[in-house]
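The structure appears below as structure tokens.
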Amino acid sequence: MPQTQLKRNYRKSENRDALISLLEKSKQPLTGSQILKTLQHKMIYIHKSTLYRSLFALKKEGLVREIGSGSNENYYIWNQQNKIFMLFKCQLCESRTLREIPTVTEKSIHHFSQGYQFKIDTIDLEITGTCSLCQK
């Protein structure tokens, strides 16, 4: 059973509870496909469109963060985890690698933003370049 109470009155759903519980416990961001596979492994079957509607609703409530943009699948993470991620995207093969940013970089970003009197809610960086396989 998830620890989080939703702000809006959603209909009680075992699938939604399982999704919230999975995201709350996950240490790393997950793609929609990874979420579906994990839930299916736990014998919880949810349709892909239902999953994305639920993720959209949780994102709208500020409970889930979406990382990434573009044509490939995005990553989802529970918003209460104060982590910053970098998404490396290869412009040739379109592979994507997600890495957590070290604390030193996070502190630097927050220090820099204070100089501009800008309050940061979330930070996710997307870096486009060429992966090691495509460089060969």
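Residues that are farther than 16 Å from I123 by Cβ, part of a loop (DSSP other than H, G, I, E, B) and in contact with a helix residue (DSSP H, G or I) (Cβ under 9 Å, 6 or more places away or on another chain) were ranked within region 75-108; the one that is modelled with the lowest pLDDT is S95. Any residue at all in region 80-90 that is out of contact with any Asp or Glu (no Cβ under 9 Å at 6 or more places or on another chain) and aromatic (F, W, Y)? The answer is no; no qualifying residue exists.
Any residue in region 54-66 that is hydrophobic (A, V, I, L, M, F, W, C) and in a strand (DSSP E or B)? The answer is yes, given that some residue of region 54-66 is hydrophobic (A, V, I, L, M, F, W, C) and in a strand (DSSP E or B). Per this entry, Q28 is counted among residues that are within 14 Å of the chain's Cα centre (by Cα), among the polar types (S, T, N, Q), at pLDDT 85 or above and part of a loop (DSSP other than H, G, I, E, B).
Identify the residue in region 47-67 that is in contact with a Lys or Arg (Cβ under 9 Å, 6 or more places away or on another chain) and among the aliphatic types (A, V, I, L, M) and, among all such residues, is nearest to S26 (Cα to Cα). The selected residue is L63. Within region 14-39, residues that are farther than 20 Å from L98 by Cβ and free of Cβ contacts under 8 Å to residues at least 60 places away in the same chain reach partners that are surrounded by 19 or more Cβ atoms within 10 Å (Cβ to Cβ) and of a type in the set (S, T, N, Q) with beta carbons closer than 9 Å, at six or more positions or on different chains, in the pairs N15/S54; R16/S54; I20/S54. Does Q40 meet the test of being modelled with pLDDT of 90 or more and either within 11 Å of the chain's Cα centre (by Cα) or surrounded by fewer than 17 Cβ atoms within 10 Å (Cβ to Cβ) (or both)? Yes. Of the residues making up region 109-136, those that are in a loop (DSSP other than H, G, I, E, B) and either loosely packed, with under 11 Cβ neighbours inside 10 Å or out of contact with any helix residue (DSSP H, G or I) (no Cβ under 7 Å at 6 or more places or on another chain) (or both) are Y116, Q117, F118, K119, D121, T122, T130, C131, K136. The single condition among (1) closer than 30 Å to E14 by Cα; (2) surrounded by 12 or more Cβ atoms within 10 Å (Cβ to Cβ); (3) under 14 Å from the mean Cα position of the chain (by Cα) that I46 does not satisfy is (3).
The values are calculated or read from the model by the stated rules, or taken from the named source; none is laboratory data. Treat the numbers as computed from the prediction; the structure is a model and nothing was measured. Heads up, the Cβs are rebuilt from the backbone with ideal geometry, glycines too, and the neighbour counts pull from every protein chain shown.
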